[in-house]
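The values are calculated or read from the model by the stated rules, or taken from the named source; none is laboratory data. Here the structure is a predicted model, which means the values were calculated and not measured. Cβ placement follows ideal geometry from the backbone for every residue including glycine, while neighbour counts extend to all protein chains displayed.
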Amino acid sequence: MTDLKKHIFSSRELRLGEEHLLENGYVIVDCREMPEADVDTLLTAICPGQPDAEQEDRTMLAGGPGEVVPATTRRIRFHTDGARSTNPPLYLGLLCEQPDQRGFGVSELVSIDSIAAIAARDNGWSRRWAALCEPVPFALQGHSYGTAPVFSQHEGQWLGRFNVRHVSEGVSRANSSDEIRIAIDEMHSIAYGSPHPETLRGWLDRGELLLFDNARFIHSRTDLSGEVARRVKRFKLGIDHRIPALTARSDLSSCGAPTNNLGSSCA
């Protein structure tokens, strides 16, 4: 595993921070000396459009703009934010306003590229990976569904739309292939299993902002102690048009047959 905070940039090194984000897909910026308006400027410089503070799914519930409180102390499984949106956000920003003082609540990132490399070395996993490169059902609000690949490629880079709960719920009501149903077991092992050997891990301190590419990485958070209210403001930046858009469907009977493999583009 790698220390997520091995490279942390100050508010005076924003250009270097932006270069690190573009090259590596993530960056941590120390914003303790920055006024809140400057943090917004930093975010909008990376991606056009005003950043939008939203409710944190399962991690934080916002009582109002900029007001966040912990919703659960349990570990948050690996996932992609906005996985069942038509187009998920391009970047995700997590600004720590109050850390868990006992050192709990560690942020974790795993790249889709590293998961693809493991799948390529395992014939069984490779076949199941191919099934997840085809449109699979994602459960939407209410009883509706949409379909999109879980994994796809863009300019030689693997990207993900990863949420095991939404896919499991979608597949349970669809006439999906057995290959997809088996592939969900692999998704469960990624989401809930032991830390990946290439996991990036880091404990965010007060004023530290983690920015990362929402499709290049899946992310999680370890258990909280529950003794100190950890507060994190989340920002969604931009719209990701690199991955196939989720398509609303009323007939899911054709979800299933895999045709792609790790040597081809699924986009």
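Things to note:
- Every pair of residues 6+ apart whose Cβ atoms lie under 7 Å, when the first sits in the range 79-93 and is in contact (Cβ under 8 Å) with a residue 40 or more places away in the chain and acidic (Asp, Glu) while the second is in a loop (DSSP other than H, G, I, E, B) and buried (at least 21 other Cβ atoms within 10 Å of the Cβ): Asp81/Pro88; Asp81/Asn214
- Of everything listed in (1) under 30 Å from Lys5 (Cα atoms); (2) at pLDDT below 95; (3) surrounded by 16 or more Cβ atoms within 10 Å (Cβ to Cβ); (4) of a type in the set (Gly, Ala, Ser), the single unmet condition for Ser152 is (2).
- When restricted to residues that are out of contact with any Lys or Arg (no Cβ under 6 Å at 6 or more places or on another chain) and assigned to a loop (DSSP other than H, G, I, E, B), the range 100-139 contains 9.
- Screening the candidates Arg221, Arg201, Arg165 for the property of being surrounded by 19 or more Cβ atoms within 10 Å (Cβ to Cβ), modelled with pLDDT of 85 or more and under 28 Å from Leu4 (Cα atoms) yields one hit, Arg221.
Condition check ((1) assigned to a loop (DSSP other than H, G, I, E, B); (2) modelled with pLDDT of 75 or more; (3) not small (Gly, Ala, Ser)) across all residues:
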site: Glu18; (1), (2), (3): no, yes, yes
site: Leu21; (1), (2), (3): no, yes, yes
site: Leu42; (1), (2), (3): no, no, yes
site: Val69; (1), (2), (3): no, no, yes
site: Thr73; (1), (2), (3): yes, yes, yes
site: Thr86; (1), (2), (3): yes, yes, yes
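- Close Cβ contacts (under 9 Å, 6 or more residues apart or on different chains) running from residues in the range 5-19 that are over 22 Å from Glu108 (Cα atoms) to residues that are at pLDDT 80 or above and basic (Lys, Arg) comprise Ser11/Arg32.
- Looking across Gly103, Gly146, Gly93, one residue alone is at pLDDT 85 or above, farther than 23 Å from Asp178 by Cβ, surrounded by 15 or more Cβ atoms within 10 Å (Cβ to Cβ) and of a type in the set (Gly, Ala, Ser). It is Gly93.
- Residues being out of contact with any helix residue (DSSP H, G or I) (no Cβ under 7 Å at 6 or more places or on another chain), touching a residue at least 24 places away in the same chain (Cβ under 8 Å), under 24 Å from His196 (Cβ atoms) and surrounded by 22 or more Cβ atoms within 10 Å (Cβ to Cβ) are entirely absent from the range 114-121.
- Residue match in the range 182-192 (condition: touching a Lys or Arg at 6+ places or on another chain (Cβ under 7 Å), outside any helix (DSSP H, G or I) and touching a residue at least 60 places away in the same chain (Cβ under 8 Å)): no
- Once the range 231-261 is narrowed to residues that are farther than 12 Å from Thr147 by Cα, hydrophobic (A, V, I, L, M, F, W, C) and buried (at least 18 other Cβ atoms within 10 Å of the Cβ), the residue that is modelled with the highest pLDDT is Ile243.
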